[in-house]
Every structure is written in structure tokens, then in C-alpha cells.
Amino acid sequence: MKSAITRQLRAAMIVGLLAAAIGTAGSQTQDAATRFRLAQGFEQSGEYERAAQLYQELYRKDPGNIVLLDGLQRMLVQLKRYDEAIALLRDRLAQNPTDLNLRASLAGVYQRGGMEQQAREEWDRAITLDRTNPNHYRVVASSMIEHRLLEKAAEVYRRGRKAVNDPTLFALELAQLEVVMMDYTGASTELIGWLRKNPSQLSFVQSRLASFVAKPDGRQAAVSVVRQAIRNEDEVRLHELLGWLYLEGREFDEAFGEYRAIDGLTRAQGSALLQFADRTFKEQAFEIAARAYQEAIRVPLSSDKMRIARYGYANALRELASRSDTLRRPMEVTARDEPGARSRYSGALVAYQGIIRDFPKTEYSAKAYYQIGTIQFQNLFDLDGALDSFNKVVDEAGSIRIIRYDVALKKGGIYLAKGDTTHAREQYASVERAADATPDQNDEAVFHLAELDFFAGRSDDAIAKLDSITVNPKADFANDALQLQAFLRENSAMARTALVRYGQAELFARQRQNTEAIALFQDIVRQYPASLLVDDALMRSATLQVEAGLYAEAVATYKRLLTEFKETSIALDRAQFGLAETYEFGLRDKTKAIAEYERLLADHPRSVFTELARKRIRRLRGDPL
């Protein structure tokens, strides 16, 4: 569509030029313009013979019109009447022997007609019109590229570079050509040379390199070229480029070395290291991020940046603690082993406490208390400790309301876990009513209020509350709200009594009263075998049995779910993964664990658990991860 519009606009402009050039009486001009439009119409519809005839008639009447010359030449080439096209252009060149574009066009016709020697000679004549004019080399190379003579075009650019005595001339054109020819070393060399001449254009060079460094061989070629350039000249822009290339390839250790060099060369006093640490944290390379934060802290950084680095370091330790057990404990299990969990998070807790000590009554001390409270609640299930930490967040944050609302949401969860649904509802309601809370905070509060209604057996009230969240599918809690709403609607109509019992069981589970929750879920399975939530009750029962260390019972529950609901349940992949985890971590049966992980890969190849299952299999077999 766009190309058609462009052709139409070009045609209209050409008609105007033609009308001005013909300069005859009004009726004659109108006739010429009409015939020109007709020729264009024939050309666009592929009727080249008729178009050529019209162009030729018009050109005979106005032989000085270059627009008509161009149209006639195009048609003769399309019809493969190369001799006529050559004669036409040579005749024109006899009148304008220094016309660069005409010579390039003539060379192109020779090339199309298979007269390669004549084409080379004509391109050479175009260059010799002015050997020191870069534009002549540019026009000739473009003509060659049009005819797919990429290597010849590159030779022309290099020839022009020597003639003009400018080693960086045509660097960008050559780089682009070499990328097309997959000469990534050559392309990188050209771009590095251009960067040396234009040191402020690092971002531009990175954008050009990005066209091929996503390929391993392209990135390795670029790395080799930049490293060689650094050996010749230890310049900061080259280190920045090399660091970027390493980051693009997720070669974080190598990138770390470059950012050390950058920090030293620029005398940044740790700022470059801090920038690198922030980047690797975002890339979820938490171990290297923690090392980089530590090194920046030791420089030492200025006071303002020190707070950022200390907080970043503590966050990296927290992430390392939470992810270190990804391959060592079941995903569904929370911090049931409190001493082990406390040991894992001790480094992060100490780091956050140091921030509170050294930067009191600041944004960072408030954030540190918030993170401590989150660890205490989610990972240690230390409810009183978490409540105390979140209360201190408010003291540290002062009048920052957005933090207060986040704290209220967390405290609501803590009160719910303590079984105090009244105070939980108060906390959530305070955020739901707040006009200056963010939309996501409002949605989260409404979602949890709906959960409280569900736990209390008021499914209709819960559904009504969830309506306000599901209106915007892009909201953070929209997916959770849709799932819960669908679950409630489906079961409130067909199994309301069972749904009430299910809500009571979920409330017990939130309070970590696993024995009571399991008993209720199993009671639902026994009393309401025809209800649609039986498979959900089995799934929840199995995960809580794992939590409680009832591994044999969990295996039996998972197997029942996988057998009796293999045609209807949407949680089969999760159940299969849970069964494999139970064999691995609970019963310590490596052989059965591998077999169940492999069954997941075979039966549910598109599951979100497949990648982790593969890692678990490799670890159990002793293969490298």
C-alpha cells in the first residue's frame, strides 16, 4: 500500500515536471500529460511494450526531457532490448559526457545485458570524471549494489578511500556491505575505525553492531576486533564497547573486567562498577551483581551512591538466597524448615540491618525494613517479627504514602496468616478506599478483600468485587482475579456447599494449619465426588501433604489426580511435576524422580515446568547444568 502511494505521488510530481518542460500550447500540453499518465499506467500494470511505445513517442517530441528518458530506458530494460537502451543512453551521453548518473545507468544496462567488461569500463569512466570526488565512488558503488555486485562495490569504496586519502571514508557503507556478506570481522573493523574518529557516537555504533552480534560468530568477531583495538590503544570508549558486547552475550565475568577498567580510566570512584552491578541485577545475574556491588562499596563510593550500592548488594543477597534452592527443594514448599531458611537469608538480613544502622530515617532504611519484613513473612513465617518490621517502615518513611499503602497490604497478609481476618480486612480496606493509592495497589486490595469474602463463604460478594479488576485485562492482578472469579462462578452455581468448605480449607492453609486444611480438602473429595472442584481439592491436598512431610500420602494423591482426571483437569502438568518433586526431595528416590520428570516432558512438552524439569534431570544424573 505504501509503495503504491509513493508511486502515485512520484507520478503526480513527474507529470508536473513534464508539463512545465513541454512548454507548448494548452491543448498540446494536456495531451502530452495525459499520454504520460497512460504510459505510467501501462508500466505499473506490466504492459511494458505499450508503455515503451508511449514513452518513445513523447521522448521524440521532447528529447531533452530526462524524465521521459528515464521512463523509456526502464521499459527497454524490462523488455530486454538492451542494445536499444544502450544506444539511447550513449546518444544522451554524447551531449552530456560528464553526467555521472547517466554513465552509472549505462553501466547498469551493460551489466543486465551480460556485457560485463563494458559495464566495468563504463563504471570506471564514471569514477575518472573526478577521481577525488567521494560522491562519484558512492554513485558507482550504489549502482553495483543494485546489480548485486557486493564485493565489487566494496572494492570501489576502498579505491575511493585511497584516492581521497581518508582511511575512514565510507566506513559505514562498507560495514553495511560486509554485514550482508557476513564478513563480521570486516564490519566490526570499519565500525571501530569510525568510532575512533567519532568517539561521541558509541550508541550509534552499538546500534549498528546490534544487527549481527546476536549471532555467536558475529559477536565473537566483534569482540576480537575490539580487543585488538584496545591492545593498540587503551581508550575508554573501546572498553565501554567491549563491556557492552560481553553483556550482550551474557559473559558477565568478562564484562566485569571491562567495567573495572572503565572505572579506573575514567576515575569514576566506583560509579562505573555500580552501573554494571545495576545492569547485571536486572539481568538476574545476582552472584556477579553482588560482587560488583561489593567492589564498588570498597572503592569507596560517595555517600549518595553508597546507599544505592548497599541496598543493591542486600537485594542481590536476598535473590541469591531465594533462588539457591530452586534445584534443591520443591517449588510448592514454603519455609517449613525455619532454621535452614534463617541461615540462607542471614547474609541479606545483616546487610539490610547495616543500612538501617548507617542511614537511619531515610528512604533506604525504610526500604530495608520493608525487605526484612518481607523475608520474615514470606520465607521465615515469623509473623510477629514481620509485623514489627513493617510498623518500622512507616516510622522511617514518614509521609511517603505510597510506601504506607504497600505496608498496609503486607500487614493485611500477616493478619490473615495469624487468623485475624478483622484486622486483615481493615488493612486492605484502607488501601481500597485511598484515592491517592496507585491503581495496582487498589486492585491488590480489592483482590484480597474478595479472597476474604471467599474464605467467609460469601462467594457472590467476592465475584462482585472481582468485577472491578477484570475490566482491565492489563492490570497486574487481572489474571489472578479472572481465575478466582471463574472458579467461584463455576462452583457457586453447582456446588455451593462444597465451595464454602473449600474456602475454609484455604483459610487454614494461609495460616499454615496444614493438618486441618488437608482434612477439609479430603472431606470435600469424599462428600462431593461429582463436583467440579474435586481435582482442585486433590491438588491442594497433595501440596499441603508435601508441606507437612506426608510424602507417601502426597504421592498417592498426585497419582489419583493424574489417573482419575487425566481428561479434564487443567493442573495435570503441575501435578506431574509435584509428583516428581515428591520422589526427589521427599522420598529421595532418584530413579523414580527422573522417570516422573521425563513423563512430564513427554506428556506436557509445552508446560512452564519443562525447563526446570530438564535441569532437575541433569542434576540427578550428574550431568553438567
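If we count every other residue with Cβ under 13 angstrom of Arg103's Cβ, Lys/Arg +1 and Asp/Glu -1, where does the sum land?
Numbers: positive: Arg90, Arg92, Arg120, Arg125; negative: Asp99, Glu121, Glu122, Asp124, Asp130.
Every neighbour counted, the sum reads -1.
What is the Cα centroid distance between region 482-513 and region 68-123, reported in whole angstrom?
When both Cα centres are located, 81 Å separates them.
Using θ = phi - 60° and the Karplus curve 6.51 cos²θ - 1.76 cosθ + 1.60, what whole-Hz ³J(HN,Hα) does each residue of region 230-242 get, with Gly and Pro shown as x?
5, 5, 7, 8, 7, 10, 4, 4, 5, 5, 4, 5, 5
Find how many whole Å separate the alpha carbon centroid of region 124-161 from the alpha carbon centroid of region 396-431.
What the calculation gives is 71 Å, centre to centre.
Run down the aspartates and glutamates and flag those whose C-alpha is under 17 Å from the C-alpha of Lys215, throwing out any fewer than 8 positions away in its chain.
Within the straight-line limit of under 17 Å, Lys215 reaches these aspartates and glutamates: Glu178, Asp183, Glu248, Glu251.
When a/c is below 1.5 the answer is rounded, else prolate if a/b is larger than b/c, else oblate, so apply that to region 24-129 with a ≥ b ≥ c taken from the square roots of the Cα gyration tensor eigenvalues.
Details: a/c = 3.10, a/b = 1.63, b/c = 1.90.
Note, shape of region 24-129 comes out oblate.
Quick one: 3J(HN,Hα) in Hz for region 417-424, Karplus 6.51/-1.76/1.60 with θ = phi - 60°, rounded, Gly and Pro as x.
The phi angles translate into 5, 7, x, 9, 5, 5, 5, 4 Hz.
Which order do peptides 494-504, 599-609 fall in by mean Cβ count within 10 Å, highest first?
Per-residue mean Cβ counts within 10 Å order the peptides as 494-504, 599-609.
Per residue of region 59-68, what does 6.51 cos²θ - 1.76 cosθ + 1.60 with θ = phi - 60° give for ³J(HN,Hα)? Whole Hz please, x for Gly and Pro, Karplus curve as stated.
Those phi angles translate into 5, 4, 6, 9, x, x, 8, 6, 5, 5 Hz.
In this model, which of Lys410/Lys465; Lys392/Lys465; Lys367/Lys411; Lys305/Lys410; Lys305/Lys361; Lys282/Lys367 are farther than 23 Å apart at the alpha-carbon?
Over 23 Å Cα-Cα: Lys392/Lys465; Lys305/Lys410.
Would you work out if region 398-515 is rounded, prolate or oblate? Take a ≥ b ≥ c from the square roots of the eigenvalues of the alpha-carbon gyration tensor; rounded if a/c is under 1.5, else prolate when a/b is larger than b/c, oblate otherwise.
Judged from the Cα gyration tensor, region 398-515 comes out oblate (a/c at least 1.5, b/c at or above a/b).
Given region 533-621, what count of lysine pairs have C-alpha atoms under 18 Å apart, with each pair 8 or more places apart or on different chains?
Values: Lys559/Lys590; Lys559/Lys592; Lys590/Lys615; Lys592/Lys615.
The result is 4.
So how do 188-195, 389-396 stack up, highest first, on mean other-Cβ count within 10 Å?
Put in order of decreasing packing, that is 188-195, 389-396.
Hand me the trypsin sites (Lys or Arg not before Pro) from region 175-254 located in a DSSP loop with no more than 14 other Cβ atoms within 10 Å, in residue order please.
Of the trypsin sites (Lys or Arg not before Pro), the ones in loops of region 175-254 whose Cβ has at most 14 other Cβ atoms within 10 Å are Arg250.
For Arg618 and Ser211 in the same chain, what is the full-extension length gain: residue separation times 0.36 nm, less their Cα-Cα distance, in nm? Could you put the intermediate results ahead of the total?
Numbers: separation 407, 0.36 × 407 = 146.52 nm, distance 3.44 nm.
Full extension of this stretch gives 143.1 nm more.
Averaging sequence separations of C-alpha pairs under 8 Å and six or more residues apart, then dividing by the length of region 533-621, give the relative contact order as a whole percent.
22 percent
How would region 533-621 be classified by its alpha-carbon gyration tensor: rounded, prolate or oblate, with rounded meaning a/c under 1.5 and the a/b versus b/c comparison settling the rest? Please report the intermediate quantities before stating the final value.
On the way: a/c = 2.08, a/b = 1.19, b/c = 1.75.
Judged from the Cα gyration tensor, region 533-621 comes out oblate (a/c at least 1.5, b/c at or above a/b).
Where the centroid of each part is defined by its Cα atoms, how far is region 162-232 from region 567-625 in Å?
About 46 Å separates the Cα centre of region 162-232 from the one of region 567-625.
What order do you get for His239, His423 when you list them from fewest to most C-beta neighbours inside 10 Å?
By the 10 Å Cβ count, ascending, the order reads His423, His239.
What net charge is computed for the residues neighbouring Asn165, neighbours being all others with C-beta under 14 Å from the C-beta of Asn165, Lys and Arg scored +1, Asp and Glu -1?
In short, +4.
Rounded to the nearest 500, what is the 222 nm mean residue ellipticity of the chain from helices alone, with -39500 (n - 2.57) per DSSP H run of 4+ residues and division by all residues?
The helix-only estimate for the chain comes to -24500 deg cm²/dmol at 222 nm.
Out of these labelled values of log10 I(q)/I(0) by the Debye sum over Cα atoms at q = 0.07, 0.08, 0.09 Å⁻¹, (i) -0.59, -0.75, -0.92; (ii) -0.75, -0.85, -0.92; (iii) -0.45, -0.59, -0.74, which was calculated from the coordinates shown here?
(ii)
How would Val546, Val205 line up from fewest to most surrounding beta-carbon atoms within 10 angstrom?
Lowest to highest Cβ neighbour count: Val205, Val546.
Given the peptides 308-315, 51-58, arrange them by the average over their residues of other C-beta atoms within 10 Å, most packed first.
On the way: 308-315: 22.5, 51-58: 20.6.
Per-residue Cβ counts within 10 Å, averaged per peptide and sorted highest first, yield 308-315, 51-58.
Just so you know, all these numbers are worked out from the coordinates, no wet-lab data involved. Everything numeric in this text was worked out from a predicted model, so none of it was measured. We place every Cβ from the backbone using ideal geometry, glycine too, and count neighbours over all the protein chains shown.
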